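Inspection log for the structure reproduced underneath, given as structure tokens.
The values are calculated or read from the model by the stated rules, or taken from the named source; none is laboratory data. All values reported here derive from a predicted model rather than from experimental measurement. Virtual Cβ from ideal backbone geometry, glycine too; neighbours counted across all protein chains shown. Ligands, DNA and RNA are stripped out before the accessible areas are found, and what is left, the full protein with its side chains, is counted by its heavy atoms. Shrake-Rupley method; radii C 1.70, N 1.55, O 1.52, S 1.80 Å.
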Amino acid sequence: PEIVLSTLNAKYQHAAFGLRYLLANLGPRRAAAALVEFDLNQRPLDIAEAVLARSPRLAAFGVYIWNVAPTTEVIATLKRLDPALTVVVGGPEVSYEVEQQPITQLADYVITGEADLEFARLCEQVLSGQAPPRKVIAAALPELERLASPYELYTDEDIAHRVIYVEASRGCPFTCEFCLSSLDIPVRQFPLPALLTDLERLLARGVRHFKFVDRTFNLNLAVSRALLEFFLERLRPGMFLHFEMIPDRLPEALRQIIARFPAGVLQFEVGIQTFNPAVARLISRRQDHAKIEENLRFLRCHTGVHLHADLIAGLPGETVDSFAAGFDRLVALGPQEIQVGILKRLRGTPIVRHDTEWGMIYSPSPPYEVLQTRLLDFPTLQRLRRFARYWDLVANSGNFVTTCPRLWTAPRPPASATTSPLRPGAADGTGAETNSEPTPGSPFGGFMRFADWLYGQVGRQHAIALHRLAAALFHFLTAEVGLPPATVAAGLVQDYERAGRGEIPPFLQSFAGPRAARPHGGSSRPGLKRQRRHQHAPGLRPGSPAG
């Protein structure tokens, strides 16, 4: 091929949606182009070899916050081995602060913004010997009705093994200062009849899992209703639909349709980010917290929607206590998953205007997470990072639905315990300066106690086997908290059986008795296994029926 379109996906199961748009809109040059995807598990040297083996004249790379470092290595190698190769980069990571980045210095051309049509023009110019003189090309917003559909470029292998991304709109009407989507104004809709035709074709090819990348799926109620009704009329076994929704916008007409879906079909990603009104004002985030609570309660009590809610730690003006209060408030609403993210300084976002006043210090390396603020010192943010990781392993995974709430609904630890998360000289040895004992029954306080203790035991956040995590929970709840071993063991056995795991860890077998292992009938896709483990579970609310 004359043109190679490539990127490094975070995982194999992810598909490069943007590159498929570029390929679909290449016009006459499409026949001379190839899409070659890699992932972060592959070495940059091997990726460079695979690109050069195709002998392209032009290589284009999609660059994102998660792949900019290895992609820089790949491009540096390509330019050393084949200086005549034209290299083009585009994507969110290189669309802002262009001159400051090593990867853009290595590339021959940088396309900023939505390159769906601009990339085709650049390829035609370069390959016809009329390369433009300017290196940085700012793409105008394309008219969405002019774009060729990318969906036919999903292969049978993609459909069998990868996430199938789709979109009904682009842009976001909000101006949250931490988010690149706040720069994508106005919101633009794809023509609905053409989109529905594409979705029908994907269904006919066997697609059952659709992930909509729209930032505000429920902004245009007519479109969101039409899409939900489309899928409701075509329900198939194993269907799974992911949408990102505005949490305080759920009118009755939409509620009625959502409530008609069987449990497990819909997943809503709900960006809360903060429950602190002062912090929300600082970052220009407009949301009605009372309406959010009402909507989440409706979704949990009256629908089968799987709720994935987001909070951000480290925002300017946020303290440990205010973040803890927001976290506890969200747990009380019962979403199946709570993603605790650490604030990132994405290139181009206006969050930097708070750096001086709030003492914001960010990592210079991707993903540019905040390291310290005026209200959260470095040791405290490190502990919050561990909290987030362990919460994902224990709570979000669905592996410990019965056991996890015991970390905060159990009696307070003995006076001799040294696992309080809010006391100087906590178990992780950082001596972080905080000002109060954890509130009894606080999910944040209870889980932070466990997170500090676990880090003291294992000294790492990754590569913790499931059986070791179960043993750690057993030891903490019995030896540190003082719960009866039989009670804790019964909960862990219940968690293992709910997940359909065939073998109970040896330390639990004496408590389990003769039990038949249940086969796991879930999907082969890892992302759906954890969602099925949450179904029909009591949830993580304080006081939930966890024994």
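Got a sec? Charge dipole of region 160-297, +1 on Cβ for Lys and Arg, -1 for Asp and Glu; which of Thr216, Leu282, Ile292 is way out at the positive end?
Thr216
Nearest 5 percent is fine: what portion of the DSSP beta bridges confined to the chain is antiparallel?
Details: 5 of 51 bridges.
That works out to approximately 10 percent antiparallel.
Under a point spin-label approximation (7 Å from Cα along Cα-to-Cβ), what is the Ile159-Leu235 distance to one decimal in nm?
Here the modelled spin labels are 2.3 nm apart.
Along the charge dipole of the chain, which of Leu195, Leu180, Val68 sits closest to the positive end, that is, farthest toward it, with unit charges on the beta carbon of Lys, Arg, Asp and Glu (+1, +1, -1, -1)?
The residue sitting most towards the positive pole is Leu195.
Can you give the charge dipole size of region 205-322 about its Cα centre, rounded to the nearest 20 debye, using +1 on the beta carbon of Lys and Arg and -1 on the beta carbon of Asp and Glu? Intermediate results must be reported in sequence, preceding the final value.
Values: 16 positive and 13 negative charges, 100 e Å.
I would put it at about 480 debye.
Under 5 Å between amide hydrogens, which residues at least 5 positions from Thr112 or on another chain qualify, with H placed 1.01 Å from N in the peptide plane?
Amide H to amide H, under 5 Å and 5 or more residues apart or across chains, Thr112 pairs with Ile137, Ala138, Ala139.
If you plug each phi of region 257-266 into the Karplus form 6.51 cos²θ - 1.76 cosθ + 1.60 with θ = phi - 60°, what whole-Hz ³J(HN,Hα) values come out, in order, with x for Gly and Pro?
Residue by residue, region 257-266 yields 5, 4, 5, 7, 7, x, 4, x, 7, 9 Hz.
What are the principal axis extents of the Cα atoms in region 119-219, in Å, biggest first?
In descending order, the Cα extents are 46, 37, 26 Å.
R0 = 22 Å: FRET efficiency of Ala290 with Thr175, Cβ-based, nearest 0.05?
Values: r = 21 Å, r/R0 = 0.98.
Approximately 0.55, to the nearest 0.05.
What is the set of long-range amide H partners of Gln267 at a cut-off below 5 Å, with H atoms built 1.01 Å from backbone N?
Leu241, His242, Phe243, His306
Evaluate the distance, in nm, between pseudo-label points positioned 7 Å from the Cα of Ala194 and of Arg468 along their respective Cα→Cβ axes.
Modelled inter-label distance: 5.2 nm.
May I ask you to derive the relative contact order of region 8-135, considering only C-alpha pairs under 8 Å and at least 6 residues apart, and to give it as an integer percent? List each step's numbers first, then the result.
Values: 171 pairs, mean separation 31.6, N = 128.
Relative contact order here is 25 percent.
Under the classification rounded if a/c is under 1.5, otherwise prolate if a/b is larger than b/c and oblate if not, where does region 1-143 fall, given a ≥ b ≥ c as square roots of the Cα gyration tensor eigenvalues? Don't jump to the answer; show the numbers that get you there.
Numbers: a/c = 1.23, a/b = 1.18, b/c = 1.04.
The shape class here is rounded.
Which is farthest toward the positive dipole end of region 11-90 among Gly27, Phe38, Val87, measuring Cα position about the Cα centre, with Cβ charges +1 (Lys, Arg) and -1 (Asp, Glu)?
Gly27
Taking Cα atoms, how many degrees apart are the long axis of helix 289-302 and the longest axis of the chain, rounded to 10 and kept between 0 and 90?
The angle comes out at about 80 degrees.
In nm, what is the difference between 0.36 nm times the number of residues separating Thr487 and Ala222 and their Cα-Cα distance?
Details: separation 265, 0.36 × 265 = 95.40 nm, distance 5.04 nm.
So the extension gain works out to 90.4 nm.
Students often check this: by mean Cβ neighbours within 10 Å, which of 460-470, 444-454, 349-359 ranks highest, and how do the rest follow?
The most tightly packed comes first, giving 444-454, 349-359, 460-470.
How large is the direction-averaged shadow of the alpha-carbon convex hull of region 213-264, in nm²?
Working: hull surface 14.6 nm².
Quarter of the Cα hull surface area: 3.7 nm².
Could you tell me how far the Cα centroid of region 241-267 sits from the Cα centroid of region 9-37, in Å?
Here the answer is 31 Å between Cα centres.
For a bin width of 20 Å, list the pair-distance distribution of the chain built from all Cα-Cα distances, rounded to whole %.
Histogram of Cα-Cα distances, whole percents per bin: 19, 51, 27, 2.
In percent, how large is the relative contact order of the chain, given Cα pairs closer than 8 Å and 6 or more residues apart?
Details: 928 pairs, mean separation 51.0, N = 547.
For the chain, the relative contact order is 9 percent.
Using a probe of 1.4 angstrom, how much of the accessible area of the chain is carbon and sulfur, in percent? Walk me through the intermediate numbers first.
Details: 11960 of 22660 Å².
Using a 1.4 Å probe with all protein chains present, the chain comes out at 53 percent carbon and sulfur.
For a test of understanding, tell me how many lysine pairs in the chain have Cα atoms under 22 Å apart, given they are 8 or more places apart or on different chains. Each step should come with its number before you reach the end.
Values: Lys11/Lys211; Lys11/Lys344; Lys11/Lys529; Lys79/Lys135; Lys211/Lys529.
The number of close lysine pairs in the chain is 5.
Give the accessible surface of the chain per residue, rounded to a whole number of Å², with probe radius 1.4 Å and ligands, DNA and RNA excluded.
Working: 22660 Å² over 547 residues.
Counting only protein heavy atoms, the per-residue value for the chain is 41 Å².
Return the sequence-ordered ³J(HN,Hα) values of region 165-178 in whole Hz as given by the Karplus equation 6.51 cos²θ - 1.76 cosθ + 1.60 applied to θ = phi - 60°, using x for Gly and Pro.
Taking θ as phi minus 60°, the curve returns 8, 9, 8, 10, 7, 10, x, 8, x, 9, 10, 4, 6, 8 Hz for region 165-178.
Roughly how big is the chain's charge dipole about its Cα centre, with Cβ charges of +1 (Lys, Arg) and -1 (Asp, Glu), in debye to the nearest 20? Walk me through the numbers before you get to the answer.
Numbers: 59 positive and 54 negative charges, 227 e Å.
Roughly 1100 debye for the chain.
In whole Hz, what ³J(HN,Hα) sequence does region 75-84 give by Karplus (6.51, -1.76, 1.60; θ = phi - 60°), x for Gly and Pro?
5, 4, 5, 4, 5, 6, 7, 9, x, 7
Taking square-rooted eigenvalues a ≥ b ≥ c of the alpha carbon gyration tensor, is region 317-359 rounded, prolate or oblate, where a/c under 1.5 means rounded and, failing that, a/b exceeding b/c means prolate?
Numbers: a/c = 4.04, a/b = 1.82, b/c = 2.22.
Cα axes put region 317-359 in the oblate bin.
Going by a ≥ b ≥ c, the root eigenvalues of the Cα gyration tensor, does region 108-176 fall in the rounded group (a/c under 1.5), the prolate group (a/b larger than b/c) or the oblate group?
Working: a/c = 2.34, a/b = 1.36, b/c = 1.72.
Oblate shape, in that a/c is at least 1.5 and b/c is the bigger or equal ratio.
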